[in-house]
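The values are calculated or read from the model by the stated rules, or taken from the named source; none is laboratory data. All values derive from a computational prediction rather than experimental measurement. In this analysis, Cβ positions are derived from the backbone assuming ideal geometry, glycine residues included, and neighbour counts consider all displayed protein chains.
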Amino acid sequence: MKHLFRNPIFLSGFFIIFFIAFVCVFAPFITSYNPNAINLKEALLSPSSRHLLGTDTLGRDLLARLLYGGRVSLAVGFVAVGISVLIGVALGSIAGFYGGVIDEIISRFIDIMLCFPSFFLILSLVALARHPSLYIIMAIIGFTSWMSPARLIRAEILSLRQRNFVIAALSCGLSQRRVIMRHIIPNAWGPVMVNATLSMAVAVLIESSLSFLGLGVQPPQASWGNILLEAKECLGVGWWMSVFPGLAIFFTVLGLNLIGEGIRESLHK
Amino acid sequence: MLRFIIRRLFNIVFLLVGISLVSFLVIHLSPGSPLGGVVFNPKVSLEVKAKLTKIYGLDKPLIQQYLDWLRRIVRFDFGVSLLDGRRVIDKIKERIPLTLFINLISLFIIFLIALPLGIIGALKKGSGLDRAITVFVFVGFSFPSFWLALLLMQTLAVHWQIVPVSGLVSVDFPYYSWAGKVWDLARHLVLPIFVSTFGALAGISRYVREEMHTALSSKFIILARAKGLPQRLILLRHALRNALLPVITILGLSVPGLLGGSVIFETIFSLPGMGRLFYEGVMARDYPLIMGLLVIGAVLTLLGNLLADIGYALADPRIRYEAEEK
């Protein structure tokens, strides 16, 4: 932990994400506009002191939509990664610790799942869900991205279980469950955290891509992706509509990537 | 070598069965019927619904349905599209070439740029140049490809009107001369290829850098230096050859990512490729088409993996011999 907060890469990522999360969570204190309040008299205004980032085609304040939309994007990323890490750690540690037939079954299943282009799989599930709500999108992204944490933790455990402290714990008569939960998983945690932050970056990108294609978060609820979709529909007017949401996505993903890289570096020290 | 390929083929048959099973379950175990909106459509009579159920075999047990479906898809028969009644495989077939063409070109460009970037980064690790490349890599990683597409469209296509906004060819394409046609196609494909290249470039150049660095710090390079080989030979003959092996693999493994990316940029630029077909299928809830594309996408991924493996085995004698000994 000490290493981590001295690592400049981690720190810069941490501050970016902290800032974005802070302004999104405290959105009502930063802007007084309602993100969904339509005011056609003020449609497509360029940035000014009244509307800091301008307004969209329906006269909604862009800053308000960005801040409230950020809540959606961050929440989707966070929950989706939570689901994928939970499934991945469970399956991966079972496969790695028990080995044999169980390992064979789980590993082959991972191989099969990895054959599907993940965006194809996600889109198929979105199509099946008919009217994808926020929760369904979180679940879909989570259920299609657990394979890499699973593989990672399996490999970690395979190497950890040869180590003396695990052999010692087992020979002391501790139950296997306890050894996995108390001794192995905490030691495999670092690489999993790296993987989790990097996959949260990917999850934010996937959510905004889906919303940009009109298949994710549905209007009037704002998300960075669907604001960009609106910008695409009035291409050529209102540059602020296509620049600011993109910047928000870019900095969020960059921040998460930096955090992941920072943790990776400090693990190797 | 033969044994190696046979062993791989066994594995592939197993994976193909798995792919078919997962695709089947995804469609059939989800809420809602594979018939899609028809079930809830009040304009469709009960008899028609019953008939459709019978045609698609939805009244049979699930295992039977799967086996029937499997029997059809090994002949690439995915049924007909719900949208226009055309055979799914025909619809896919006419869309594959464009997607493959764009992706192969961008893979080629990626390779061309990532290799020198990675090598420079590894050689001058920690220098200003390396840092600049690293920053570029992080920016590239984090840049949403659809945003890049949107910005390029807005500036280059709408504002300055240097390139067309979208589509594959201009309206008066049939009247152009041969050279005019090529030029028109190129103008339409410049932005899509740039966008699809940009997304993957960062990751792969980072990868080349890591591999090159590992190769450069291994003992045989120290030996080569000690016996006085010129730097150029050390670099090209010894380090690069070893660093290239994992790079071959990563190119093969990048197929699923590229296919997923195709959905995004083909949709944005209205290009009639496989990715846009998938998007259209999803929008129309055209389940036979979605299922067909899901299976074809997985098969293409598998093919990429296989090519990577064979390329690796051809390039690395250690793997070849190991496989022969077994």
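Summary of values
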item	result
Within the range A:82-136, considering residues that are of a type in the set (Val, Ile, Thr) and over 21 Å from the mean Cα position of the chain (by Cα), the one nearest to B:GLY252 (Cα to Cα)	A:ILE112
Residue in the range B:251-268 that is closer than 25 Å to B:SER217 by Cβ and more than 11 Å from every other protein chain (Cβ to nearest Cβ) present	yes
In the range A:126-147, the residues that are modelled with pLDDT of 90 or more, surrounded by 19 or more Cβ atoms within 10 Å (Cβ to Cβ) and of a type outside the set (Phe, Trp, Tyr)	A:ILE137, A:MET138, A:ILE140, A:ILE141, A:GLY142, A:THR144, A:SER145, A:MET147
Flag if B:PHE220 is within 13 Å of another protein chain (Cβ to nearest Cβ), closer than 27 Å to B:PHE111 by Cβ and in a helix (DSSP H, G or I)	no
Residue list for the range B:25-46, filter: within 12 Å of chain A (Cβ to nearest Cβ) and at pLDDT 70 or above	B:LEU25, B:VAL26, B:ILE27, B:HIS28
Exclusive hit being buried (at least 19 other Cβ atoms within 10 Å of the Cβ) and under 22 Å from the mean Cα position of the chain (by Cα), set A:PRO219, A:PRO245	A:PRO245
Leading residue by the ranking (farthest from the other protein chains (Cβ to nearest Cβ)) among those in the range B:270-279 that are in a loop (DSSP other than H, G, I, E, B) and surrounded by fewer than 24 Cβ atoms within 10 Å (Cβ to Cβ)	B:PRO272
Residue selected from the range B:126-144 under the condition of a type outside the set (Ser, Thr, Tyr) and more than 14 Å from chain A (Cβ to nearest Cβ), by the criterion surrounded by the fewest Cβ atoms within 10 Å (Cβ to Cβ)	B:GLY128
Index of the failed condition, B:SER196 passing every other in (1) surrounded by fewer than 19 Cβ atoms within 10 Å (Cβ to Cβ); (2) within 14 Å of chain A (Cβ to nearest Cβ); (3) more than 30 Å from A:PRO8 (Cβ to Cβ); (4) polar (S, T, N, Q)	(1)
Enumeration of residues in the range A:14-54 that are in a helix (DSSP H, G or I) and in contact with a Ser or Thr (Cβ under 8 Å, 6 or more places away or on another chain)	A:ILE16, A:ILE17, A:ILE20, A:GLU42
Top-ranked residue in the range A:231-269 [being farther than 15 Å from B:LEU148 by Cβ and not in a helix (DSSP H, G or I); ranked as farthest from the other protein chains (Cβ to nearest Cβ)]	A:LYS269
So B:ILE113, is it over 30 Å from A:ASN257 (Cβ atoms) and under 23 Å from the mean Cα position of the chain (by Cα)	no
Leading residue by the ranking (surrounded by the most Cβ atoms within 10 Å (Cβ to Cβ)) among those in the range B:160-188 that are in contact with a helix residue (DSSP H, G or I) (Cβ under 7 Å, 6 or more places away or on another chain) and assigned to a helix (DSSP H, G or I)	B:ASP184
Which numbered condition B:THR99 fails, given (1) surrounded by 15 or more Cβ atoms within 10 Å (Cβ to Cβ); (2) among the polar types (S, T, N, Q); (3) farther than 20 Å from B:PRO256 by Cβ	(3)
Filter result for the condition that a residue is over 18 Å from A:VAL81 (Cβ atoms), in contact with a Phe, Trp or Tyr (Cβ under 7 Å, 6 or more places away or on another chain), surrounded by fewer than 22 Cβ atoms within 10 Å (Cβ to Cβ) and free of Cβ contacts under 8 Å to residues at least 60 places away in the same chain, over A:PHE165, A:PHE250	A:PHE250
